[in-house]
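Structure, as structure tokens:
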Amino acid sequence: MTAITDFVSYEAHGTVGVITVDSPPVNALSQGVRAGIQGGIEAAVADDSVTAIVLACAGRTFIAGADITEFGKPPKAPALNDVIATMESATKPVVAAIHGTALGGGLETALGCHYRVAVASAKVGLPEVKLGILPGAGGTQRLPRVVGVQKALEFITSGVHVPAPQAFEAGLIDELIEGDLTEGAIAFAKKVAAEGRPLVKISEQNDKLEEAKKNPAIFDEFRKKNARKFRGFEAPENCIKAIEGAVNLPFPEGLKRERELFSELLAGEQAKAQQYFFFSERLANKIPDVPKDTPLIDIKTAGIVGAGTMGGGIAMNFLQAGIPVTIVETSQEALDKGLSVIKGNYSATVSKGRLTQEKMDKYMSLLTGSTNLEDLKDADIVIEAIFENMDVKKEVFGKLDKICKQGAILATNTSTLDVDEIGEATSRPEYVIGLHFFSPANVMRLLEEVRTKKTSPTVMATCMALAKKIGKVPAMVGVCDGFVGNRMLAKRGDQAAQLILEGAKLEDVDRVLYDFGFPMGPFAMSDLAGNDVGWRIRQGRGVTSPVADAICELGRFGQKTGDGYYHYEKGSRTPQPDPIVEEIIVKAARDAGINRREVSDEEILKRCIYPMINEAAKILEEGIATRASDIDVIWVYGYGWPIYRGGPMRYADHIGLENIYNDMLKFKAEHGDEWTPAPLLERLVKEGKGFKDL
Ligand code: CAA
């Protein structure tokens, strides 16, 4: 075996030269890997003993893409495009052997090979769009030449990871290998050489472009169809333009066009924010005081207390991950209702063609209903998902403590209550943790995990790993009212309520936040979630909010009653401004002695966003969140903060903390002490630093 570089080796296996990339963790295309592949191809071409070449990877995956940590740094030769050109023009057949994930530059490298084979469990894709960029090493030019323009548009603008069998159907993979991949790839390469099959250069294959050449409207139709999905994002449009280039320009010109569009995105703020977010999401997995090698509890079965909306949604995550669930309700009637909602949800997904009946049957076979808490005695984790009442929760935890086996994790899905206090209701507070799922729990990606003063490292490490297993993105936070997400949300809600009293139209508040990139504004969101939820919480706490209370007193609970802050026509989810609500607002303002005025969009945005940032600074100072970037993960995955703005902390750094601080002082002069900048914000401004420097 010859080492070409530190990360790439070359070895002849009989008549086939095998180039192996070995650069953990994911064989990303760092300079050493690029140079190694180029050198490996040159060595194999020069090796007279071989007639064909295999490009394979060691470890868990084929090349997972460009090395994202190199972005923004001065480029180092060889460029990936040059490596790919060397491969494509090699005089012996080059076969990519794919396992794990061939993503981004990894798939582009494979597309530069003459043939591709893969194990069935592999996935391929061009996920650059998720990093705010586009495939910059020929992906937008070669993929449409293999799978056609329509499919290429879909793959590249969605960044989807396509399972190998589907990629095989689409012609992207030439053979699926059973058994050992390298052996299979060597056998395939030998066959190609023996049969004298052509050295397929994808860059020269133009047949699949013909349809789009004849029907250029395909691009605008695609833009129109996906307008909502692409709203606010810059990368999808450049991806489309690059694919248009593939159709309209000769290959070398198309490559140049791709490079221009790639560079344009790479220099922009969205790409920086999305790449920052990629690493933030992974960093959130790490808890500084929980060592990496902390032993984990093996979660083989789960119990859920409460089969309501949250309990049912939580159960679905476990079922889909193949973990059997026992779900407990207090009455048979409530249990039957809960079980039928879960079944109904799966049936709806089956009828939309997004789930097979077979899989649904498998999921349902893992679900057991019960009205007896004793049935949770063998569960490895129990998640309580009943209504928000401390006394009732403590009673349930006291019972679970007696029933559940030693070593079982006892979790609460509370979104507001003191998890330390809940833990103290048991004899094993070190096994108690908050697992705050977001509604709908089977859809929303965020899992806000809440550690108490006593939660053990093993329980924390297990719950972080578990989140990944059930398809969630976790962030560990400490105990406080509303934890991180809802505590910040409350600040935005307060300002939204105040702004409409001062004269802003509620539809303008919603529009400004929608245009910022949220899926909807605060009033539309409240109508969707149910205005009665907040009303009951306010009643419990003895606080009032004049407009919100008045609309609830009229039974305007939101979409479910047809009226809320907006009016909804029967069967419609489209909010329509309602003069009755405007009257309520005007009266409430009069009662509060407020002189109404015009409020600019700029003021609406700052007044809604800056208090959240200020609250986040307090959260950081109190140690409730470990890092600023964890807060960004929570807001993107739990509250629809536009990922292309990176999250509230990243956005604050982008705006400049000094600018935010100065605006806050202005608002303080006008509106009072609630606008006092947090000490941490003040300190960072004085030191000329950002949240990124913490
Ligand atoms: N560059 C640098 N580091 C990367 C990386 C990349 N492309 N992909 C993953 N890593 C790092 C992660 O940061 C993580 O590091 P730590 O262990 O220090 O946290 C480690 O590799 C493992 O990653 P995951 O925890 O995500 O592992 P996983 O097994 O859950 O997932 C994966 C593996 C599916 C490959 C996932 O990491 C992933 O999606 N990576 C990004 C893939 C991607 O976007 N590729 C395109 C890059 S852009 C490009 O290629 C441009 C071009 O056109 C040339």
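Exactly which trypsin sites (Lys or Arg not before Pro) in the range 23-91 are in a DSSP loop and have at most 15 other Cβ atoms within 10 Å? Each step should come with its number before you reach the end.
Details: sites: Arg34, Arg60, Lys76; in loops: Arg60, Lys76.
Qualifying residues, ordered by number: Arg60, Lys76.
Compute the acute angle (0 to 90°) between the alpha-carbon long axis of helix 390-403 and the principal axis of greatest extent of the alpha-carbon atoms of the chain; round to the nearest 10°.
Long axis of 390-403 versus the principal axis of the chain: about 60 degrees.
Which order do peptides 288-301, 670-683 fall in by mean Cβ count within 10 Å, highest first? Show your work: numbers first, answer last.
Numbers: 288-301: 12.6, 670-683: 14.9.
The densest-packed peptide leads the list: 670-683, 288-301.
Answer with one residue from His567, Gln38, Met664: the one whose Cα lies farthest towards the positive end of the charge dipole of the chain, charges on Cβ with Lys, Arg +1 and Asp, Glu -1.
Gln38
Relative contact order for the chain: what is it in percent, counting Cα pairs under 8 Å that are at least 6 residues apart? Walk me through the numbers on the way to the answer.
On the way: 1286 pairs, mean separation 60.0, N = 694.
The value is 9 percent.
Rounded to the nearest 20 Debye, what is the dipole magnitude of the range 444-484 about its Cα centre when Lys and Arg each give +1 and Asp and Glu each give -1 at the C-beta? Could the numbers behind the result be given before it?
Numbers: 7 positive and 3 negative charges, 37 e Å.
It works out to roughly 180 debye.
Please name which of Gln150, Thr109, Gly138 has its Cα lying farthest along the dipole of the range 93-249 towards the positive end, using unit charges on Cβ (Lys, Arg +1; Asp, Glu -1) and the Cα centre as origin.
Gln150
Counting DSSP beta bridges in the chain, what percent are antiparallel, to the nearest 5?
Values: 19 of 63 bridges.
Expressed as a percentage, antiparallel bridges in the chain total about 30.
Can I get the semi-axes of the range 542-694's equivalent ellipsoid? Compute them from the C-alpha gyration tensor as square roots of 5 times the eigenvalues, in angstrom, largest first. Could you put the intermediate results ahead of the total?
On the way: eigenvalues 229, 84, 39 Å².
Largest first, the range 542-694 gives 34, 20, 14 Å.
Compute the length gained on full extension between Val350 and Arg231: take 0.36 nm times their separation in residues and subtract their Cα-Cα distance, giving the result in nm to one decimal.
Values: separation 119, 0.36 × 119 = 42.84 nm, distance 2.82 nm.
Length gained between Val350 and Arg231: 40.0 nm.
Tell me, what is the Rg over Rh of the range 115-231, with Rh the Kirkwood radius over Cα pairs?
Numbers: Rg = 16.1 Å, Rh = 15.8 Å.
Rg/Rh for the range 115-231 comes to 1.02.
How high is the relative contact order of the range 2-267, in percent, with contacts defined as C-alpha pairs under 8 Å that are six or more residues apart? The partial results should precede the final answer.
Values: 548 pairs, mean separation 46.4, N = 266.
Across the range 2-267, relative contact order equals 17 percent.
Straight-line reach only, C-alpha to C-alpha below 26 angstrom: list the lysines that Lys214 could link to, leaving out same-chain residues fewer than 8 apart.
Partners within reach: Lys151, Lys201, Lys224, Lys225, Lys241, Lys256.
From the C-alpha gyration tensor of the range 44-121, pull out the three semi-axes of the equivalent ellipsoid (sqrt of 5λ each), sorted largest to smallest, in whole Å.
With the √(5λ) rule applied to the range 44-121, the semi-axes are 22, 18, 10 Å.
Around Lys570, with a cut-off of 14 angstrom between Cβ atoms, what is the net charge of the other residues, counting Lys and Arg +1 and Asp and Glu -1?
On the way: positive: Lys560, Arg573; negative: Asp563, Glu569.
Net charge in that neighbourhood comes out at 0.
What 222 nm value per residue comes from the helices of the chain, counting each DSSP H run with n ≥ 4 as -39,500 (n - 2.57) and dividing by all residues, nearest 500 deg cm²/dmol?
Working: 30 runs with 342 residues, N = 694.
Computed mean residue ellipticity for the chain: -15000 deg cm²/dmol.
For the range 380-486, take the alpha-carbon Rg, divide it by the Kirkwood Rh, and send me Rg/Rh. Intermediate values should be presented prior to the final figure.
Values: Rg = 12.5 Å, Rh = 13.5 Å.
Rg divided by Rh gives 0.92.
Kindly identify the range 329-368 as rounded, prolate or oblate by the Cα gyration tensor criterion: order the square roots of the eigenvalues as a ≥ b ≥ c, call it rounded if a/c is under 1.5, otherwise compare a/b with b/c, prolate if a/b is larger, else oblate. Let's see the in-between values first.
Values: a/c = 4.87, a/b = 1.97, b/c = 2.47.
In terms of gyration-tensor shape, oblate.
Charges only on Cβ, +1 for Lys and Arg, -1 for Asp and Glu: so what's the dipole of the range 138-283 about the Cα centre, in debye to the nearest 20?
On the way: 22 positive and 23 negative charges, 83 e Å.
Its charge dipole is roughly 400 debye.
Please go through the range 334-382 and write out the trypsin sites (Lys or Arg not before Pro) that DSSP classes as loop and that have at most 12 other C-beta atoms within 10 Å.
On the way: sites: Lys337, Lys343, Lys352, Arg354, Lys359, Lys362, Lys377; in loops: Lys352, Arg354, Lys377.
Answer by residue number: Lys352, Arg354.
With a cut-off of 8 Å between alpha carbons and a minimum separation of six or more residues, what is the relative contact order of the range 302-481 in percent?
Values: 339 pairs, mean separation 37.9, N = 180.
The value is 21 percent.
Report the normalised scattering of the range 177-228 as log10 I(q)/I(0) at q = 0.15, 0.25, 0.29, 0.30 Å⁻¹, calculated by the Debye formula with identical scatterers on the alpha carbons.
One equal scatterer on each Cα of the range 177-228 leads to -0.69, -0.98, -1.06, -1.06.
Over all directions, the average projected area of the alpha-carbon convex hull for the range 302-481 comes to how many nm²?
On the way: hull surface 36.6 nm².
Mean projected area of the Cα convex hull: 9.2 nm².
If I model the range 625-676 as equal point scatterers sitting on the Cα atoms and use the Debye formula, what is log10 I(q)/I(0) at q = 0.17, 0.18 Å⁻¹?
-0.63, -0.68
What translational diffusion coefficient, in µm²/s and rounded to a whole number, does the Stokes-Einstein relation yield for the range 1-76 at 20 °C and a viscosity of 1.002 mPa s, taking the hydrodynamic radius as the Kirkwood radius over Cα pairs?
170
Where does the charge balance sit around Tyr346 when Lys and Arg score +1, Asp and Glu -1, over other residues with C-beta under 14 Å from its C-beta?
Numbers: positive: Lys343, Lys352, Arg354, Lys359, Lys362; negative: Glu358, Asp361.
Net of charged neighbours comes to +3.
Among rounded, prolate and oblate, which fits the range 485-592 when a ≥ b ≥ c are the square roots of the eigenvalues of its C-alpha gyration tensor, a/c under 1.5 means rounded, and a/b larger than b/c means prolate?
Details: a/c = 1.17, a/b = 1.09, b/c = 1.07.
Rounded, since a/c falls under 1.5.
Which value, in nm² and rounded to one decimal, describes the direction-averaged projected area of the C-alpha convex hull of the chain? Intermediate results must be reported in sequence, preceding the final value.
Numbers: hull surface 132.6 nm².
One quarter of the hull surface, i.e. the mean projection, equals 33.1 nm².
Amide H neighbours of Val8 under 5 Å, at least 5 residues apart or on other chains, H built in the peptide plane: list them.
Asp22
Please sort 187-194, 446-453, 263-270 by packing, taking for each peptide the average over its residues of neighbouring beta carbons within 10 angstrom, highest first.
446-453, 187-194, 263-270
How big is the dipole moment of the chain about its Cα centre under a simple scheme where the beta carbon of each Lys and Arg is +1, that of each Asp and Glu is -1, and everything else is neutral? Debye, nearest 20, please.
560
Go through Asn442, Val305, Ile537 and say which Cα lies farthest out towards the positive end of the charge dipole of the chain; charges sit on Cβ, +1 for Lys and Arg, -1 for Asp and Glu.
It is Asn442.
Would you mind giving the three semi-axes, in whole Å and largest first, of the ellipsoid equivalent to the range 264-398 according to its Cα gyration tensor?
Numbers: eigenvalues 218, 107, 48 Å².
Semi-axes from the Cα gyration tensor: 33, 23, 16 Å.
Could you run the Karplus curve 6.51 cos²θ - 1.76 cosθ + 1.60 with θ = phi - 60° over the range 66-77 and give me ³J(HN,Hα) per residue in whole Hz, x for Gly and Pro?
So the J values, rounded to whole Hz, are 4, 7, 4, 5, 8, 4, x, 9, x, x, 10, 6.
Provide the per-residue ³J(HN,Hα) series for the range 235-245, in order, calculated from phi with Karplus coefficients 6.51, -1.76, 1.60 and θ = phi - 60°, each as a whole number of Hz, with x at glycine and proline positions.
Couplings: 5, x, 5, 5, 4, 4, 4, 5, 5, 4, x Hz.
Which of the peptides 11-17, 275-281, 314-320 is most tightly packed, and how do the rest follow, judged by the mean count of other Cβ atoms within 10 Å per residue? Walk me through the intermediate numbers first.
Values: 11-17: 17.7, 275-281: 19.6, 314-320: 23.4.
Descending mean neighbour count gives 314-320, 275-281, 11-17.
Using the Karplus curve 6.51 cos²θ - 1.76 cosθ + 1.60 with θ = phi - 60°, work out ³J(HN,Hα) for each residue of the range 174-188 in order, rounded to whole Hz, and write x for Gly and Pro.
Those phi angles translate into 8, 8, 8, 9, 9, x, 5, 5, 4, 4, x, 5, 5, 4, 4 Hz.
Rule-based calculations on the coordinates, nothing more; no lab input. Everything quoted here is computed from the prediction, not taken from an experiment. Reconstructed Cβ throughout: ideal geometry from the backbone, glycine too, with neighbour counts over all protein chains shown.
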